[in-house]
Amino acid sequence: MRFMLQVRANDKSEAGVMPGRELIAAMGRFNEEMMQAGIMLAGEGLQPSSKGARIAYSGSGSKVLEPPFAKPNELIAGFWIIQVNSRQEAIDWACRAPFEPGDVVEIRQIFEVSDFPADILPPEEAAREQAWRDRQQKSSGTHR
């Protein structure tokens, strides 16, 4: 099972304030633990939303929306994608993340090809999608 652990933004991250040396070191150790456990597929911090954009789609096309978008706690400041055996294991790993009081991590399970019924994702399309995901995972060097 794959999960995305979303690190919620806060006023400091949205202002572009970099974390302190101690937090960066602790995060590096945490990332190393997840890599050694073979569960970390990806993980990155994100620049403030002021450096991004949103695209809104409608029947007449798309529209670029400029920041600010929302309150900081409604935005994502970083993420991990992990592959574990259960939701509880994802929760256990997220609880170990070295964050400060007030920080928030949201856990969301990622859809797998097998989650889609055949009337939505026919078997031949499901096989292509799974092959693409397998190639993607192989190129990242992570398997579990």
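Here are the numbers:
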read-out: Meets criteria (under 30 Å from ASP134 (Cα atoms) and open to solvent by less than 50 Å² (accessible area, probe 1.4 Å)) for GLU89; value: yes
read-out: Filter result (over 17 Å from the mean Cα position of the chain (by Cα) and part of a helix (DSSP H, G or I)) within region 16-31; value: ARG21, GLU22, LEU23, ILE24, ALA25, ALA26, ARG29
read-out: Residues that are closer than 19 Å to ALA77 by Cβ and aromatic (Phe, Trp, Tyr), drawn from region 5-62; value: PHE30
read-out: Among residues of region 76-103, those that are among the hydrophobic types (A, V, I, L, M, F, W, C), over 17 Å from ALA37 (Cβ atoms) and part of a strand (DSSP E or B), counted; value: 3
read-out: Output for region 104-124, where each listed residue is more than 18 Å from TRP80 (Cβ to Cβ), open to solvent by 100 Å² or more (accessible area, probe 1.4 Å) and in a loop (DSSP other than H, G, I, E, B); value: ASP119, ILE120
read-out: Condition check for GLY78: within 25 Å of ASP134 (Cα to Cα), in contact with a Phe, Trp or Tyr (Cβ under 8 Å, 6 or more places away or on another chain) and surrounded by 14 or more Cβ atoms within 10 Å (Cβ to Cβ); value: no
read-out: One residue from SER58, SER50 being free of Cβ contacts under 8 Å to residues at least 12 places away in the same chain and over 17 Å from the mean Cα position of the chain (by Cα); value: SER58
read-out: Pairs with Cβ under 9 Å, 6+ apart, first in region 121-136 and among the small types (Gly, Ala, Ser), second loosely packed, with under 12 Cβ neighbours inside 10 Å; value: ALA126/SER114; ALA126/ALA118
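Listed here are the residues, each with its yes/no results for (1) open to solvent by 50 Å² or more (accessible area, probe 1.4 Å); (2) in contact with a Cys (Cβ under 8 Å, 6 or more places away or on another chain); (3) touching a residue at least 12 places away in the same chain (Cβ under 8 Å).
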| position | (1), (2), (3) |
| --- | --- |
| LYS12 | yes, no, no |
| GLU33 | yes, no, yes |
| GLY38 | no, no, yes |
| ARG54 | yes, no, yes |
| VAL64 | yes, no, no |
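The values are calculated or read from the model by the stated rules, or taken from the named source; none is laboratory data. Since the model is a prediction, treat every value here as computed from it, not as a measurement. In this analysis, Cβ positions are derived from the backbone assuming ideal geometry, glycine residues included, and neighbour counts consider all displayed protein chains. Heads up: the accessible areas ignore ligands, DNA and RNA and are worked out on the full protein's heavy atoms, side chains in. Shrake-Rupley method; radii C 1.70, N 1.55, O 1.52, S 1.80 Å.
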